[in-house]
Structure formats: C-alpha cells, structure tokens
1. Considering the stretch 18-43 alone, what residues qualify as being more than 8 Å from the ligand (Cβ to nearest atom) and β-branched (V, I, T)?
2. Do we find that T72 is of a type in the set (S, T, Y) and either crowded, with 17+ Cβ neighbours inside 10 Å or touching a strand residue (DSSP E or B) at 6+ places or on another chain (Cβ under 9 Å) (or both) in this structure?
3. Hey, can you tell me all the residues within the stretch 157-175 that are open to solvent by less than 30 Å² (accessible area, probe 1.4 Å) and farther than 24 Å from W113 by Cα?
4. Would you mind listing the helices (runs of 4 or more DSSP H) fully within the stretch 194-263 where at least 1 residues are away from the ligand (no atom under 14 Å from the Cβ) and over 19 Å from the mean Cα position of the chain (by Cα)?
5. Please count how many residues of the stretch 78-94 are within 12 Å of the ligand (Cβ to nearest atom), buried (at least 21 other Cβ atoms within 10 Å of the Cβ) and part of a loop (DSSP other than H, G, I, E, B).
6. Return the residues of the stretch 157-206 that are among the small types (G, A, S) and closer than 26 Å to D127 by Cα; say none if nothing qualifies.
7. Those residues that are over 27 Å from A224 (Cα atoms), among the aliphatic types (A, V, I, L, M), open to solvent by 20 Å² or more (accessible area, probe 1.4 Å) and modelled with pLDDT of 95 or more, I need them from the stretch 1-57; list them, please.
8. Going through the stretch 18-55 one residue at a time, which ones are free of Cβ contacts under 8 Å to residues at least 60 places away in the same chain and part of a strand (DSSP E or B)?
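The values are calculated or read from the model by the stated rules, or taken from the named source; none is laboratory data. Remember, it's a predicted structure, so these values are computed and weren't measured experimentally. Glycine also receives a Cβ, built like all others from the backbone with ideal geometry; neighbour counts cover every protein chain displayed. Surface areas here come from the heavy atoms of the whole protein model, side chains and all, with no ligands, DNA or RNA. Shrake-Rupley method; radii C 1.70, N 1.55, O 1.52, S 1.80 Å.
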Amino acid sequence: MSNPEPTGPGRVQHQPMTAQYPELPGKVAVITGAARGMGARFAAGLATRGVHVVAGDLDTAAMTATADELNTALAGEPGAGRIKASTVDVTRAEEHTALAQRAMAEFGRLDFWVNNAGIFPFAEVPDITPEQIRATLSVNVEGVLFGAQAAAARMQPGSAIVNMASVSAVRVRKGRAAYCSSKAAVAHLTESLAVELGDQGIRVNAIAPGYIDTEMTRWIQDDAPALAKALDAVPLHRIGSPEEVFGALLFLLSDSARYVTGHSLAVDGGSRHV
Ligand SMILES: NC(=O)c1ccc[n+]([C@@H]2O[C@H](COP(=O)([O-])OP(=O)(O)OC[C@H]3O[C@@H](n4cnc5c(N)ncnc54)[C@H](O)[C@@H]3O)[C@@H](O)[C@H]2O)c1
C-alpha cells in the first residue's frame with residue numbers, strides 16, 4: 001500500500017516497516033479511533049499482515065470511508081485481512097461490548113485490542129472548563145478501561161492489549177494539563193491492567209508517542225515558529241510518522257514481546273528526556 005508523502009519542514013518520509021511476524025495472519029484485532037491518524041495506519045498495517053480488524057470510531061462517515069479505501073487497496077494482496085468499520089463512542093462501556101461482540105460474530109475470535117481513540121484539548125489551567133476536563137478523562141482514560149474490560153471478557157491466554165499513552169504522561173507543557181494528566185493515568189492504568197489481567201495470560205502495554213504526523217498535531221505543524229521550538233526539545237529533531245509508531249505496535253502485539261507486560265514503550269525521538 002502506498003502512504004501519502006508528507007511535505008514541509010519537520011515532516012518525515014513514510015517508509016514501510018520490514019519486520020516479519022509470521023504468527024499474525026488469521027488473528028483478530030479491535031482498534032478504536034481508527035478513522036484517521038495512527039488508528040487508520042494501524043488498521044492498514046495489521047490487515048496487510050493478515051490480521052482481521054474491527055475498526056471503530058465516533059466519526060461513522062470517516063470510519064466507513066477509511067475502511068472502504070483500505071479494503072479496496074488490500075483486495076489485491078494475497079492473505080490480507082479484512083477491515084470492518086464500526087461506530088463506537090469509547091466513553092460508553094456498552095459500545096465497547098458491542099465492538100467486541102462484532103469481532104466475535106464476524107471473525108470468531110479476539111486476539112488484540114488497541115485503545116487508540118483520544119482527544120487533545122488545548123487550554124491553560126485558568127481556562128479549562130468542566131466539560132473539557134470531563135471529556136478528556138472520559139475519552140482518554142475511561143475509554144481505555146472500558147475497552148480493556150470488554151476485551152478481557154472474551155480474550156484467550158496469549159492475547160494482548162495496547163493503550164495509547166503519550167510522552168505527555170511524563171513531560172508537561174503549558175496548555176496541556178487535562179491531556180497530560182489523562183495520559184499519565186493511561187500509563188498507570190496500563191500497569192494496573194497488566195497486573196490484574198496477567199492471571200488470564202493477557203498482556204497489557206502502552207505506546208508513548210511524541211509528536212506524530214496526524215491531524216492531532218496539525219496545529220503545530222502549520223505554525224513554523226512553534227514547530228521549530230517544539231523540535232528543539234526532540235533529540236532527533238523531527239516529527240515521527242504513524243508508520244514508526246506502527247512498528248512499536250507490531251512488536252508489542254507479537255510473540256516477540258510475549259514476556260513484556262505493563263510497559264510504556266516510548267516512540268518519541270527521545271523527547272521524554274528533554
Ligand atoms: N499525534 C500525536 O502526536 C500523538 C502523540 C502522543 C499520543 N497520541 C495519542 O495517540 C492516539 C491517536 O492519536 P492521533 O494523532 O492518531 O489522533 P487523531 O486525532 O488523528 O485521531 C483520533 C481519532 O479518535 C476518534 N475519537 C475521538 N473521540 C472518540 C470517541 N469518544 N470514541 C471513538 N473515537 C473517538 C476521532 O474521531 C479520530 O478519528 C490518541 O490517543 C492520542 O492521544 C498522539
């Protein structure tokens with residue numbers, strides 16, 4: 001599959017990952033927030049490797065369009081998985097249950113669950129509204145817990161859950177108190193889930209990206225001075241690509257990570273250290 005090539009300062013060339021994971025074909029994944037950005041890249045990448053995907057998003061029209069486009073592109077690839085578009089609001093526990101039931105009904109098993117949906121409101125502390133803080137914690141934190149509950153109720157030993165944390169879990173910047181605290185909660189929740197779900201043989205890890213080239217970071221990518229300042233605090237001095245985060249996801253879902261649980265894997269160009 002081809003990826004659109006980003007252009008402009010701070011952007012990266014999207015190069016395909018070449019690592020092979022022969023245990024993946026035939027497995028089944030649920031990915032939330034998959035209409036665009038990293039979630040869409042994860043769905044495409046897993047399906048290319050033979051994993052069937054139930055891809056959920058609040059934005060039904062965009063999710064359907066993305067799944068149609070990806071399925072069309074995958075149709076010519078032997079052994080590719082199929083992508084089923086679903087509507088989900090991750091703040092509602094019963095909608096996670098419906099997503100999990102859809103995976104079982106369509107494909108008969110559930111191996112992977114990626115709690116990817118997230119929101120990023122920008123407001124400094126005096127201006128954060130009750131609605132903003134509640135929405136951020138509801139989508140970013142409750143959404144992860146509800147997803148893990150729905151997944152764990154149906155998963156077999158050897159299954160894996162991956163949550164999207166952020167470098168913002170460990171590094172704070174002005175205007176991000178709601179987001180940073182929500183992602184710190186995701187990192188901690190990942191550890192709690194790993195401890196409890198280990199009894200069922202389910203691994204739970206997180207990915208902690210830095211600046212990645214998606215709509216969520218468009219505001220800074222389109223502001224050259226702000227981007228230059230942000231990249232000063234990135235040792236590799238560039239924004240990452242969804243493909244580079246997908247490499248981390250593949251590893252965490254794969255048998256190569258079978259003794260890894262409760263870990264947050266940074267994919268941030270080193271920015272957590274600055
Ligand atoms: N882009 C970055 O630089 C970056 C960095 C660190 C962490 N993250 C995290 O990675 C994840 C994916 O980020 P992205 O950049 O691809 O974001 P994005 O904004 O491109 O896509 C997020 C998707 O989540 C969906 N969504 C929002 N609220 C939802 C809800 N209640 N229920 C279901 N779906 C919902 C949106 O419709 C959207 O399609 C998020 O959790 C984000 O916080 C992103």
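1. Those that are more than 8 Å from the ligand (Cβ to nearest atom) and β-branched (V, I, T): T18, V28, V30, I31.
2. Details: of a type in the set (S, T, Y): yes; either crowded, with 17+ Cβ neighbours inside 10 Å or touching a strand residue (DSSP E or B) at 6+ places or on another chain (Cβ under 9 Å) (or both): no.
In short, no.
3. G175
4. Values: elements: 218-221, 224-232, 242-253.
Qualifying helices (runs of 4 or more DSSP H): 224-232.
5. 2
6. First, the residues of the stretch 157-206 that are among the small types (G, A, S): 158-160, 165-166, 168-169, 175, 177-178, 181-182, 184-185, 187, 192, 194, 198, 201, 206.
Scanning the stretch 157-206 gives A165, S166, S168, A169, G175, A177, A178, S181, S182, A184, A185, A187.
7. Those that are over 27 Å from A224 (Cα atoms), among the aliphatic types (A, V, I, L, M), open to solvent by 20 Å² or more (accessible area, probe 1.4 Å) and modelled with pLDDT of 95 or more: none in the stretch 1-57.
8. Selection gives H52, V53, V54, A55.
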